[in-house]
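Asks: Below is a structure I'd like to ask you about.
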There are 2 protein chains.
Amino acid sequence: MTANKFTPSCPLPFGENETVQLAHGGGGRLMQQLIEGIFLPAFDNPLIRARHDGALISPGIEGLAFTTDSYVIHPLFFPGGDIGRLAVYGTVNDLAMCGARPQYLSAGFILEEGLPVSTLRRIVHAMKAAAEETGVQIVTGDTKVVDRGKGDGVFINTAGIGHLESARAVGPDQVQDGDVILLSGDIGRHGIAVMAVREGLAFETTIESDLAPLSALVLSLFEAGIAIHCLRDLTRGGLASALNEIAEAGSCVIQIEEAVIPVQEQIRGACEILGFDPLYVANEGRFIAFVPKKEAEKALNILRAHPLGATAADIGFIEKPSHGAPTVLMRSRIGSTRIVDRLSGEQLPRIC
Amino acid sequence: MTANKFTPSCPLPFGENETVQLAHGGGGRLMQQLIEGIFLPAFDNPLIRARHDGALISPGIEGLAFTTDSYVIHPLFFPGGDIGRLAVYGTVNDLAMCGARPQYLSAGFILEEGLPVSTLRRIVHAMKAAAEETGVQIVTGDTKVVDRGKGDGVFINTAGIGHLESARAVGPDQVQDGDVILLSGDIGRHGIAVMAVREGLAFETTIESDLAPLSALVLSLFEAGIAIHCLRDLTRGGLASALNEIAEAGSCVIQIEEAVIPVQEQIRGACEILGFDPLYVANEGRFIAFVPKKEAEKALNILRAHPLGATAADIGFIEKPSHGAPTVLMRSRIGSTRIVDRLSGEQLPRIC
């Protein structure tokens, strides 16, 4: 996933005696501070500096992508999914975003004492089904149990390995002037679905998460020979955070058009009630692809031909070099242009 | 690590409404029940069935080992180490036990809201030092934050990838009749060191964990051309659990000699006071190697020439086929023979 990764740019200093806040896990500025202030200086190497959804491994093991995510979503079961499926799809999607075909997963469980075994069984069965669906094998694992009150039911870490499908590099540093930004579908459903069930909110119909495996959709673009420059899934921090990360990592200005970004009416309504901006709400089955302008229409047709990409849209383009600071600019429905900034804190805690 | 892995044999059924207990994470029979009753049936595939410290990956990516572990040790800092070093060494050691040279690690952090940033910094710096020491790169990562009271400071997951060093297979199914069992050093220090600090026990001198990276020691055996059949580190459940797992996975009888198993006097004393058997106490810098009898002396000399193997010993041998159930038999100091069984529950919770 995007913002979860060690993908930095301009650190805020930590005060003395500062403590970790929920917002440090939210995909916004505070997470950036944690990553840039602590993790990156320690683990610095070319692979981790690449600001990708996973590491493209070399030397030694060429052509391999390697990624990891921990899943701490609350509640464990939500409309449209559960932590087990999320833990498989999430890591499969990160490999897909590296331009890799997902192959092997590890699974590390941290269980809280008192967890019903029946709950664990449901989650594990969901992982099995998700692995079969996406063609990955869970080949190694680990289980730890922590005392009651020192965990929260189940936390799952998955790491994943996959073979790179594309001979060319795919990543934020590959975006080029004029690249078109394709969004694979409507945004905001995962975060709102989780929030609604957590807060006991009722809408006219149940809002379901968009949770889905993206590898087949991404691989269909590669198989059609589309020269994809960059891919990013829209998890913590949503579309706005993903675009900001790409703008910074790719040193470019990103221009998008509000009117063409698909948001379901029901999600728009829920966001208004809850005070959220759908641009910042997490998704678990949506991504953006940066492709050369001349291939954009073909790529869009490929996406739309797939059930998971039926509402895909061309939402904007890249300007590079940026002539100034990397920025994400959005032309609103009324024709004005505004900066789409990074979130400073946490909009929705523990949605993945 | 050994018992943490999905490495099964003969499941106990779960009762209805059963819940997860601390002992399900302890490396004994209950952990076996969890693995065999839940994880293995769901994730079944040849790689996970191999009962190894990691998966030897194929097809597609030949010659690669892949492993994972989550670290939930309490306290985060203990005599001789901390969760950061443990998280790097532990996964490095699992790769070494697969016969692989550790190369790339992922790091997934689950932080509890309110964790002092200074604590996180210390841990991350310890990981950096441990990675440099062992020649691995931490190439991808993830951070999640959970609400206060839903975690315990820091949990860390690392997954690791390494190239296999040995052309021949290394694993429990490779042990042969007459194989000599070499133990790399004295046992019981890690578990007792953690327990002592946790319980506020004072001994004449501070008991330090044996936490150490084992890859250099293991690689020195491979480099000398020793035909290692199997390797296993002695983490949760200690020497006794590791031997039981190998006996079951290798369908053999294991004979060991109590008098030659090195245990420091101070550890023996602490174990007597606390009611522990050092055979079952966790280590984080010890392993056993199964080697052909004719190479045992050479291998032992190689181990002893390394600071981490200075007290290495030949502690027994394999009888195969087993003529009956796989068993671990120990000749005691007074000449009697007893079965060294699996632990049923948890001896020391959260020691890794």
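Asks: If you take the square roots of the eigenvalues of the alpha-carbon gyration tensor of the range B:293-352 and sort them as a ≥ b ≥ c, do you get rounded (a/c under 1.5), prolate (a/b over b/c) or oblate?
Replies: oblate
Asks: Ignoring ligands, DNA and RNA, how do B:Thr134, A:Thr235, A:Thr205 rank by accessible area with a 1.4 Å probe, largest first?
Replies: Listed by decreasing accessible area, they come as A:Thr205, B:Thr134, A:Thr235.
Asks: Got the B:Leu12 label distances to the other copies yet, label 7 Å along Cα→Cβ, in nm, shortest first?
Replies: So the label point of B:Leu12 gives 5.0 nm to the other copies.
Asks: Now for a different question. Helix-derived [θ] at 222 nm for chain B: sum -39500 (n - 2.57) over DSSP H runs of at least 4, divide by residue count, nearest 500?
Replies: Value at 222 nm, helices only, nearest 500: -8500 deg cm²/dmol.
Asks: Roughly speaking, what is the stretch gain from A:Asn45 to A:Asp277, that is 0.36 nm per residue apart minus the C-alpha to C-alpha distance, in nm to one decimal?
Replies: 80.0 nm
Asks: Sticking with this one: Using Cα-Cα distances under 8 Å and only pairs 6 or more residues apart, what relative contact order does the range A:172-339 have, in percent?
Replies: Rounded, it is 43 percent for the range A:172-339.
Asks: Run the label-point distances for B:Glu132 please: 7 Å along Cα to Cβ, every other copy, nanometres, shortest first.
Replies: 4.9
Asks: Just name one of B:Gly15, B:Ser332, B:Val291: the one whose Cα is farthest towards the positive end of the charge dipole of chain B (beta-carbon charges, Lys/Arg +1, Asp/Glu -1).
Replies: Checked the options; the winner is B:Val291.
Asks: Moving on to the next point. What percentage of all Cα-Cα pairs in the protein assembly as shown are separated by more than 35 Å?
Replies: The share of Cα pairs beyond 35 Å in the protein assembly as shown comes to 41 percent.
Asks: In addition: Modelled label-to-label distance, A:Glu265 and B:Ala129, 7 Å Cα→beta-carbon offset: nm?
Replies: Rounded to a tenth, the inter-label distance reads 6.2 nm.
Asks: Counting only protein heavy atoms and using a 1.4 Å probe, what share of the accessible area of the range A:126-277 belongs to carbon plus sulfur, as a whole percent?
Replies: 44
Asks: Would you mind computing, in nm to one decimal, how far apart the modelled labels at A:Glu297 and B:Arg333 are, each placed 7 Å from Cα along Cα→Cβ?
Replies: Simple spin-label model gives 8.7 nm for this pair.
Asks: Name the shape class, rounded, prolate or oblate, that the alpha-carbon gyration tensor gives for chain B, where a ≥ b ≥ c are the square roots of its eigenvalues, rounded holds for a/c under 1.5, and otherwise prolate holds if a/b is larger than b/c and oblate otherwise.
Replies: rounded
Asks: Which log10 I(q)/I(0) values, to two decimals, does the range A:100-156 give at q = 0.12, 0.14, 0.17, 0.27 Å⁻¹ under the Debye formula with one point per Cα?
Replies: -0.32, -0.43, -0.60, -1.09
Asks: Now, a different point. For chain A, report the accessible area per residue in Å² (1.4 Å probe, heavy atoms, rounded to an integer).
Replies: That works out to 33 Å² per residue.
Asks: Here's a follow-up. For chain B, set up a GNM with springs between Cα atoms under 10 Å and report which of B:Cys271, B:Cys252, B:Cys98 has the largest fluctuation.
Replies: B:Cys271
Asks: Can I ask one more? Per residue of B:116-129, what is the mean number of Cβ atoms on other protein chains within 10 angstrom of that residue's Cβ?
Replies: Mean shielding count: 4.
Asks: Provide an ascending nm list, one decimal, of label-point separations from A:Thr205 to the equivalent residue in each further copy; define each label point as 7 Å from Cα along Cα→Cβ.
Replies: List, nearest first: 7.3 nm.
Asks: Are there GluC sites (Glu not before Pro) in the range A:15-67 that DSSP puts in a loop and that have at most 10 other Cβ atoms within 10 Å, and which ones?
Replies: A:Glu16, A:Glu62
Asks: Do the alpha carbons of any pairs in A:Lys150/B:Lys128; A:Lys128/B:Lys144; B:Lys294/B:Lys320; A:Lys320/B:Lys144; A:Lys128/B:Lys128; A:Lys298/A:Lys320 sit beyond 28 Å of each other, and which pairs?
Replies: The answer is A:Lys320/B:Lys144; A:Lys128/B:Lys128.
Asks: Then there's this: Among B:Ala202, A:Val260, A:Ile207, whose Cα lies farthest out toward the positive end of the dipole of the protein assembly as shown, if unit charges sit on the beta carbon of Lys, Arg (+1) and Asp, Glu (-1)?
Replies: Of the options given, the answer is A:Val260.
Asks: When a/c is below 1.5 the answer is rounded, else prolate if a/b is larger than b/c, else oblate, so apply that to the range A:172-339 with a ≥ b ≥ c taken from the square roots of the Cα gyration tensor eigenvalues.
Replies: It is oblate, given that a/c is not under 1.5 and a/b is not larger than b/c.
Asks: Given a 10 angstrom Cα cut-off, can you work out which residue in B:Ser322, B:Ser215, B:Ser241 is the most mobile in a GNM of chain B?
Replies: Taking springs between Cα atoms under 10 Å, the residue moving most is B:Ser322.
Asks: Whole angstrom only: what separates the Cα centroid of the range B:104-128 from the Cα centroid of the range A:257-315?
Replies: Here the answer is 35 Å between Cα centres.
Asks: How far is it, in nm, from the label point at B:Arg198 to the one at B:Glu16 when both lie 7 Å from their Cα along the line to the Cβ?
Replies: 3.5
The values are calculated or read from the model by the stated rules, or taken from the named source; none is laboratory data. Computed from a prediction, not measured in an experiment: that's the story for all the values here. With ideal geometry, Cβ positions are generated from the backbone for all residues, glycine too; neighbour counts draw on all protein chains shown. Accessible surface areas use protein heavy atoms only, side chains included; no ligands, DNA or RNA. Shrake-Rupley method; radii C 1.70, N 1.55, O 1.52, S 1.80 Å.
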